[in-house]
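A quick write-up on the structure given underneath.
The values are calculated or read from the model by the stated rules, or taken from the named source; none is laboratory data. In this text, all values refer to a predicted model and were calculated from it rather than measured experimentally. Don't worry about glycine lacking a Cβ; one is built from the backbone with ideal geometry, like all the others, and counts go over all protein chains shown. All accessible areas refer to the heavy atoms of the entire protein, side chains included, with ligands and DNA or RNA removed. Shrake-Rupley method; radii C 1.70, N 1.55, O 1.52, S 1.80 Å.
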Amino acid sequence: MRKPFIAANWKMNKTMGETGEFINSFIPLVSEAEGVDILIAPPFTCLNEASGLLQKTGIRLAAQNVFYEEKGAFTGEISAQMLLSAGCSDVIIGHSERRQYFSETDEIVNRKIATARKNGLEVILCIGESLEEREADKTFEVLEKQLTDSLKDIDPNGMTIAYEPIWAIGTGKTATPEQADEAHTFIRKWLNNNVKNSDQVRILYGGSVTPENIGSLITKPEIDGALVGGASLNPDSFAKIVLGAKVSS
Ligand code: PEP
């Protein structure tokens, strides 16, 4: 049995003041949610602020990206050690927006995962197919390639995988629980076939998750939680998703 895991990806939203307001409202709303792991990924500029406010709450703090080099002349990049010093325990790597707008390939994703893990950060690896790939019946082929290339020479035990169909991200179009379950079952089988003792690796669903649809998603056996974008920006709706994962699991 894997513990449900609900993660917030704020993307490029919220200032430091807004981060404080969110966390101060959110903490009391999830005080009854012991059975669920919770994570928040604010922008880099708000990590330190969030880290102070989240202390002793058990809520994990993630960055939305990391660079694969350890330090040096890489203007604008952020290293794993910088994230640790800002209070992060986790980092999201390979989000489809990074792949789409910043040309991140599986090879770059692989290098980022290796550096993050070497430095002791937990990793949420995002994978998922585009609409064209789904319509061309290539979903499993795409997922297999992303898993194989992103995890080359990496043991994913201790990591989390987020299945995020690109066509469902920020569009209001959620994959049906059956579509999500089919992809999660494929990922689970890939893990079983390629990685020893990987039954504790959690697989999250991401793509227009809301308080209304979390219940039907989380009841699927291979869906261990959710990575939430839009609906994580409001403390009430994110808390409802967390509590929905607890109730239904
Ligand atoms: C995401 O960006 O990871 C995401 C799932 O976004 P949304 O919930 O807004 O679709």
Test of understanding: among ALA41, ALA86, ALA50, ALA114, which residue is more than 16 Å from the ligand (Cβ to nearest atom) and buried (at least 24 other Cβ atoms within 10 Å of the Cβ)? ALA50
Candidate set: the stretch 198-210, residues that are of a type outside the set (Ser, Thr, Tyr) and within 12 Å of the ligand (Cβ to nearest atom); chosen: the one surrounded by the fewest Cβ atoms within 10 Å (Cβ to Cβ): LEU204
For the stretch 158-197: of the residues being surrounded by 18 or more Cβ atoms within 10 Å (Cβ to Cβ) and of a type in the set (Gly, Ala, Ser), which is farthest from ILE113 (Cα to Cα)? ALA175
Within the stretch 89-111, the residues that are of a type in the set (S, T, N, Q) and open to solvent by less than 70 Å² (accessible area, probe 1.4 Å) are SER89, SER96, THR105, ASN110
Among residues of the stretch 28-38, those that are open to solvent by 20 Å² or more (accessible area, probe 1.4 Å) and farther than 16 Å from LEU233 by Cβ, counted: 6
Check ASN24 against each of (1) surrounded by 13 or more Cβ atoms within 10 Å (Cβ to Cβ); (2) over 19 Å from the mean Cα position of the chain (by Cα) and name the one condition it does not meet. (1)
Of the residues in the stretch 136-148 that are open to solvent by 50 Å² or more (accessible area, probe 1.4 Å), assigned to a helix (DSSP H, G or I) and out of contact with any Phe, Trp or Tyr (no Cβ under 9 Å at 6 or more places or on another chain), the one that is farthest from the ligand (Cβ to nearest atom) is GLU141
